Amino acid sequence: MKQLSTKVTSNGHGQDSSYFLGWEEYEKNPYDEITNPNGMIQMGLAENQLCFDLIESWLAKNPDAASLKRNGQSIFKELALFQDYHGMPEFKKAMAEFMEEIRGNRVTFDPKKIVLAAGSTSANETLIFCLAEPGDAFLLPTPYYPGFDRDLKWRTGAEIVPIHCSSSNGFQITEAALQQAYQQAQKLDLKVKGVLVTNPSNPLGTALTRRELNLLVDFITSKNIHLISDEIYSGTMFGFEQFISVMDVLKDKKLENTEVSKRVHVVYSLSKDLGLPGFRVGAIYSNDEMIVSAATKMSSFGLVSSQTQYLLSALLSDKKFTSQYLEENQKRLKSRQRRLVSGLEAAGITSLRSNAGLFCWVDMRHLLDTNTFEAELELWKKIVYNVKLNISPGSSCHCTEPGWFRVCFANMSEDTLDLALKRLKTFVESTDCGRMISRSSHERLKSLRKKTVSNWVFRVSWSDRVPDER
Amino acid sequence: MVSLATEKKQDLNLLSRIASGDGHGENSSYFEGWKAYEENPFHPIDRPDGVIQMGLAENQLCGDLMRKWVIEHPEASICTEQGVNQFSDIAIFQDYHGLPEFRQAVAKFMEKTRNNRVKFDPDRIVMSGGATGAHETVAFCLANPGDGFLVPTPYYPGFDRDLRWRTGVNLVPVTCHSSDGFKITVEALEDAYEKALLSNIPVKGLLMTNPSNPLGTTLDRECLKSLVNFTNEKRIHLIADEIYAATTFGQSEFISVAEVIEEIEDCNRDLIHIVYSLSKDMGLPGFRVGIIYSYNDRVVQIARKMSSFGLVSSQTQRLIAKMLSDEDFVDEFIRESKLRLAARHKELTTGLDGLGIGWLKAEAGLFLWMDLRNLLKTATFDSETELWRVIVHQVKLNVSPGGSFHCHEPGWFRVCFANMDHKTMETALERIRVFTSQLEEETKPVAAAPMMAKKKKKCWQSNLRLSFSDKRRFDDGFFSPHSPVPPSPLVRAQT
């Protein structure tokens, strides 16, 4: 008799994917400026390590919150016993206001519609449990965060059907792609329950345009399905544009308090904007009270530690801090991104023009031997094992075109970033392709790529995706 | 304009069955008691007539020791001046292996609470979102939808949600009887196993809570061995929920399954798993520290990946690591906690003894299994519910009726005692005294006027809103109320 569940015996956890293998390699030989200067530099980790000093200085100025006190009195005992799955009211209020501030106070969030979860990992899984039966499908634009294969499908039994996006228009979501994905799901006999987008996008580092958001809302309205907008990078927007949330679009289309608005849900987390992934603070925001009610009960499986709720409610309630933090965070991210982008350009590498996120979507198609995913993996292995940079190959993000890589920039010091770029430049210059390219022939590269894109763009059906990610 | 009814129907179609059903278990009438408490919570000064919460199994007796330690050890926090140099490292730490010092400290603590008679390997410790998260994860790892776990009754009502709701797993009750102190017998196990097979439910494991919730009893070595042997023979898993391990306070010692498997030759350890938590032993439910400890390498591996859905906040891991590494503090805490639990338990039982109310002899847990069978009009669960409603709404004590724990026999109630101070306990006992004396008055045989006696007996029932529509707890077809047991005088039940 089989003694373990099929969840254990299959590899639905998705950790056989190259995305996670790169991490494992890093663990074996991690870079350290002093003790291991030839070690692997971690560029596969989308973490925000740029603003801890701001939080630490806030802690120094706020000893009560820092030591679990209120008005000088220890409230340790009360916190130790607080396990109400509705969460701390002051924390949810502070979260709601922070989310509003990130959206320029153009939309309001009702704290009562917030459900806390142990990170957005748990929030996304919980939402899928609430919206889908085993075998139902969600449409996701590619490329997407590899963790979704685990978070959305593993224990829920749901399926993901990709919405193919291509470099020809900067990977934007088109109407045709949406319709095609929906039809593909139907061909596979899968009931589509909704669309899930990440905005700003991981791994692209771009925020969805108003046009795309309108398209999505119209699409889910006509199909009578859900829209989940994972907005965990909303506070990392550093471009000139404002971040437009799906909530903005509902408001502009006058769809607030309608039946459609009940099918639009936002997922948030403090892991990226505040750089606190260890604290496991995730949230679901929904206008549907049945979903809020069910998700709240499910949050029992992953509540936020009360001491963490208390600390962060004090932090986020300090409006002077939050506005200063958001502004400074954006400044530092922008500066770091610029550093990466110019360093890449010096090596003859371009990337998708990004305005958010903790990473760049880098174009290394010209470094491939052939325009195939095998060649991409070969290139990736060279970069991981020879150049000693852990970056994430596009195939692990289900990208339909080989040659794209996600490179993170906010989880290391400037010096480390410079070293990584130096190593990459050296590697590129040592390859055949690299010898062709010098800084002055950068333009030739761009026109070369345009031709290759039009010759080589092709659709790959989702069922023959890299097999080891199942 | 869509009508409300149609809108609701549309809502239901847009939600999964899991979300729109009541697998969360919160529609049980059991929650009426909680509601009554929330609407009118007792406070010695502001609300002296409010409902006293005796339905919450929390350990609040040693909060002062904990608070003192936290104040004296600011370096344990990553937010204070003394600890902030660790802030950024801890804030970014989301490795699902957990902080090594956290796992080591928890392993040590688990050893201490088992009197250092067994060793725990820190590398087998997997985090989860409280024991709630641990149970669900274990179910996901060991069973497929439609499979079943055997669970001895009475059992913690939360298992219905934790093990079944999102996993699709079934719970198959193993009936235990008061006649032998609710012991788990091999006969009962075999019986339940057969019943499951007849219903086409493949049995994947046996889940037992030791010390028991709601009984407060601990399993002796012989019984534990029989459970290990039974599960090994059937090649099914044994999940030991040991979250009350450090709450033993009497003569009887806590024996962990970890100890027993060392004594069984050729024990298949791949089938042995422990669920643990700091919520009860340390009184820290708010910090969500759940632990899965499995002897099966593959289960450890996969449960660890699943722990991404409910990791312990790194801030909390750090604090706990520091606290539990302070061995002097831990020893003092465990010692003092047991003393205070013993004292509070004695206070309650002495009070009940004085009123002639029976209770199951037990020396662990944060609650008492109280015997009110002889106060039932009839030996039925309807009668139990009636009595319970009187206790909640008139006596104003939120106790938990045995039916909600799937107890086989009506008339038992779980009464928590570690979540209140001494004065509140006194008040609760006084209310019980008043209630029982009222009952005695009303049921005193009056020779000349039998009609009056009957009428008086009905008095305490007259305020009740009797509703027998909620029979959901009987609908799994595995047990039904037995025929009425003849009434017996108020005696203390003995094991």
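The values are calculated or read from the model by the stated rules, or taken from the named source; none is laboratory data. Just so it is clear, the structure is predicted and the values come from calculations on it, not from any experiment. Please note: Cβ atoms are built from the backbone with ideal geometry, for glycine as well, and neighbour counts cover all protein chains shown. Remember, those area values only see protein heavy atoms, side chains included, never the ligands or the DNA or RNA. Shrake-Rupley method; radii C 1.70, N 1.55, O 1.52, S 1.80 Å.
Please indicate, with yes or no, whether at least one residue in the range B:32-49 is in contact with an Asp or Glu (Cβ under 6 Å, 6 or more places away or on another chain) and either at pLDDT below 95 or more than 11 Å from chain A (Cβ to nearest Cβ) (or both).
Scanning the range B:32-49 turns up no residue that is in contact with an Asp or Glu (Cβ under 6 Å, 6 or more places away or on another chain) and either at pLDDT below 95 or more than 11 Å from chain A (Cβ to nearest Cβ) (or both).
A quick yes/no check of all residues on (1) within 30 Å of residue A:246 (Cβ to Cβ); (2) free of Cβ contacts under 8 Å to residues at least 12 places away in the same chain; (3) touching a Lys or Arg at 6+ places or on another chain (Cβ under 9 Å); (4) not aromatic (Phe, Trp, Tyr):
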{"site": "A:59", "(1), (2), (3), (4)": "no, yes, no, yes"}
{"site": "A:84", "(1), (2), (3), (4)": "yes, yes, no, yes"}
{"site": "A:87", "(1), (2), (3), (4)": "yes, no, no, yes"}
{"site": "A:94", "(1), (2), (3), (4)": "yes, no, no, yes"}
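In this structure, does residue B:180 turn out to be open to solvent by 10 Å² or more (accessible area, probe 1.4 Å), charged (D, E, K, R) and modelled with pLDDT under 95?
Answer is yes for this residue.
Within the range B:82-93, is there a residue that is closer than 19 Å to residue B:258 by Cβ, at the interface with another protein chain (Cβ under 10 Å from one of its Cβ atoms), in contact with a Gly (Cβ under 6 Å, 6 or more places away or on another chain) and not in a loop (DSSP other than H, G, I, E, B)? Even if it seems obvious, please write down each step before you answer.
At the first step, the residues of the range B:82-93 found to be closer than 19 Å to residue B:258 by Cβ are none.
Scanning the range B:82-93 turns up no residue that is closer than 19 Å to residue B:258 by Cβ, at the interface with another protein chain (Cβ under 10 Å from one of its Cβ atoms), in contact with a Gly (Cβ under 6 Å, 6 or more places away or on another chain) and not in a loop (DSSP other than H, G, I, E, B).
Would you point out which residue out of A:342, A:351 is among the hydroxyl-bearing types (Ser, Thr, Tyr), away from chain B (no Cβ under 11 Å) and within 22 Å of the chain's Cα centre (by Cα)?
Among A:342, A:351, only A:351 is among the hydroxyl-bearing types (Ser, Thr, Tyr), away from chain B (no Cβ under 11 Å) and within 22 Å of the chain's Cα centre (by Cα).
Only residues that are surrounded by fewer than 22 Cβ atoms within 10 Å (Cβ to Cβ), assigned to a loop (DSSP other than H, G, I, E, B) and not basic (Lys, Arg): list them for the range A:245-285, please.
A:255, A:256, A:257, A:258, A:259
Only one residue in A:78, A:47, A:97 is farther than 30 Å from residue B:59 by Cβ, among the acidic types (Asp, Glu) and assigned to a helix (DSSP H, G or I). Which one?
Result: A:97 is the single residue among A:78, A:47, A:97 that is farther than 30 Å from residue B:59 by Cβ, among the acidic types (Asp, Glu) and assigned to a helix (DSSP H, G or I).
Just one of the numbered conditions (1) open to solvent by 20 Å² or more (accessible area, probe 1.4 Å); (2) at the interface with another protein chain (Cβ under 10 Å from one of its Cβ atoms); (3) part of a helix (DSSP H, G or I); (4) closer than 30 Å to residue B:77 by Cα is not true of residue A:290; which one?
Only one criterion is unmet by residue A:290, namely (4).
Could you check how many residues of the range B:152-169 are of a type in the set (Val, Ile, Thr), more than 13 Å from the chain's Cα centre (by Cα) and over 14 Å from residue B:132 (Cα atoms)? Before the answer, list the steps.
As a first pass, look at the range B:152-169 and keep what is of a type in the set (Val, Ile, Thr): B:153, B:167, B:169.
Right, trim to more than 13 Å from the chain's Cα centre (by Cα) and you get B:167, B:169.
Narrowing further to those that are over 14 Å from residue B:132 (Cα atoms): B:169.
Of the residues in the range B:152-169, 1 are of a type in the set (Val, Ile, Thr), more than 13 Å from the chain's Cα centre (by Cα) and over 14 Å from residue B:132 (Cα atoms).
Under the condition of being in contact with a Pro (Cβ under 8 Å, 6 or more places away or on another chain) and more than 9 Å from chain B (Cβ to nearest Cβ), which residue from the range A:70-94 is surrounded by the most Cβ atoms within 10 Å (Cβ to Cβ)?
This residue is A:92.
Could you tell me whether residue A:322 is more than 28 Å from residue B:161 (Cβ to Cβ), more than 7 Å from every other protein chain (Cβ to nearest Cβ) and among the β-branched types (Val, Ile, Thr)?
When the stated conditions are applied, residue A:322 passes them.
Limited to the range A:173-204, what total is found for residues that are touching a Leu at 6+ places or on another chain (Cβ under 8 Å) and assigned to a strand (DSSP E or B)?
Residues flagged as touching a Leu at 6+ places or on another chain (Cβ under 8 Å) and assigned to a strand (DSSP E or B) within the range A:173-204 amount to 6.
Within the range B:118-143, can you find the residues that are outside any helix (DSSP H, G or I), more than 8 Å from chain A (Cβ to nearest Cβ) and under 25 Å from the mean Cα position of the chain (by Cα)?
Across the range B:118-143, the qualifying residues are B:118, B:120, B:125, B:126, B:127, B:128.
Scan (1) part of a helix (DSSP H, G or I); (2) at the interface with another protein chain (Cβ under 9 Å from one of its Cβ atoms) for the single condition residue A:313 breaks and write down its number.
Every condition holds for residue A:313 apart from (2).
Under 9 Å between Cβ atoms, which residue pairs at least 6 apart in sequence (or on different chains) link something in the range A:65-77 that is among the charged types (D, E, K, R) with a partner that is buried (at least 22 other Cβ atoms within 10 Å of the Cβ)?
Within 9 Å, the pairs are A:69/A:76; A:70/A:310; A:77/B:283.
Checking residue B:301 against (1) under 18 Å from residue B:136 (Cα atoms); (2) touching a residue at least 60 places away in the same chain (Cβ under 8 Å); (3) of a type outside the set (Lys, Arg): exactly one of these is not met. Which one?
Only one criterion is unmet by residue B:301, namely (2).
Which residues, taken from the range B:288-322, are among the small types (Gly, Ala, Ser), facing chain A (nearest Cβ under 10 Å) and in a strand (DSSP E or B)?
B:290, the sole residue that qualifies.
For residue B:337, are the conditions met, namely being touching an Asp or Glu at 6+ places or on another chain (Cβ under 8 Å) and under 18 Å from residue A:76 (Cβ atoms)?
Criteria met by residue B:337.
Quick test of your reading of the structure: residue B:67 fulfils all but one of (1) open to solvent by 40 Å² or more (accessible area, probe 1.4 Å); (2) touching a strand residue (DSSP E or B) at 6+ places or on another chain (Cβ under 8 Å); (3) farther than 24 Å from residue B:337 by Cβ. Name the failing condition by number.
Failed condition: (3).
Considering only residues of the range B:13-56 that are buried (at least 16 other Cβ atoms within 10 Å of the Cβ) and without any contact (Cβ under 8 Å) to a residue 12 or more places away in the chain, which is farthest from residue B:418 (Cα to Cα)?
B:14
When residues of the range A:205-236 are filtered for being open to solvent by 10 Å² or more (accessible area, probe 1.4 Å) and part of a loop (DSSP other than H, G, I, E, B), how many remain?
Selection size over the range A:205-236: 6.
Output the residue which, of all residues in the range A:373-420 that are over 17 Å from residue A:146 (Cβ atoms) and acidic (Asp, Glu), is surrounded by the fewest Cβ atoms within 10 Å (Cβ to Cβ).
Step by step, filter the range A:373-420, then rank; the result is A:415.
Filter the range A:118-172 down to the residues that are among the aromatic types (Phe, Trp, Tyr) and part of a helix (DSSP H, G or I) and list them by number.
A:129, A:148
When the range B:95-134 is examined, which residues are found to be in contact with a Leu (Cβ under 8 Å, 6 or more places away or on another chain) and open to solvent by 60 Å² or more (accessible area, probe 1.4 Å)?
Result: B:108, single match.
Spot the failing condition for residue A:265; the list is (1) in contact with an Asp or Glu (Cβ under 8 Å, 6 or more places away or on another chain); (2) away from chain B (no Cβ under 14 Å), and only one is missed.
For residue A:265, the exception is condition (2).
So residue B:257 ticks every box in (1) in contact with a strand residue (DSSP E or B) (Cβ under 8 Å, 6 or more places away or on another chain); (2) in contact (Cβ under 8 Å) with a residue 60 or more places away in the chain but one. Which box is left unticked?
Answer for residue B:257: the failing condition is (2).
Open to solvent by 10 Å² or more (accessible area, probe 1.4 Å) and either among the basic types (Lys, Arg) or within 19 Å of residue A:409 (Cβ to Cβ) (or both): which single residue out of A:323, A:335 fits that description?
From the options A:323, A:335, the qualifying one is A:335.
Taking the conditions exactly as written (open to solvent by less than 10 Å² (accessible area, probe 1.4 Å), farther than 30 Å from residue A:222 by Cα and in contact (Cβ under 8 Å) with a residue 24 or more places away in the chain), does residue A:306 satisfy them or not?
Values: open to solvent by less than 10 Å² (accessible area, probe 1.4 Å): yes; farther than 30 Å from residue A:222 by Cα: yes; in contact (Cβ under 8 Å) with a residue 24 or more places away in the chain: yes.
Against the criterion (open to solvent by less than 10 Å² (accessible area, probe 1.4 Å), farther than 30 Å from residue A:222 by Cα and in contact (Cβ under 8 Å) with a residue 24 or more places away in the chain), residue A:306 qualifies.
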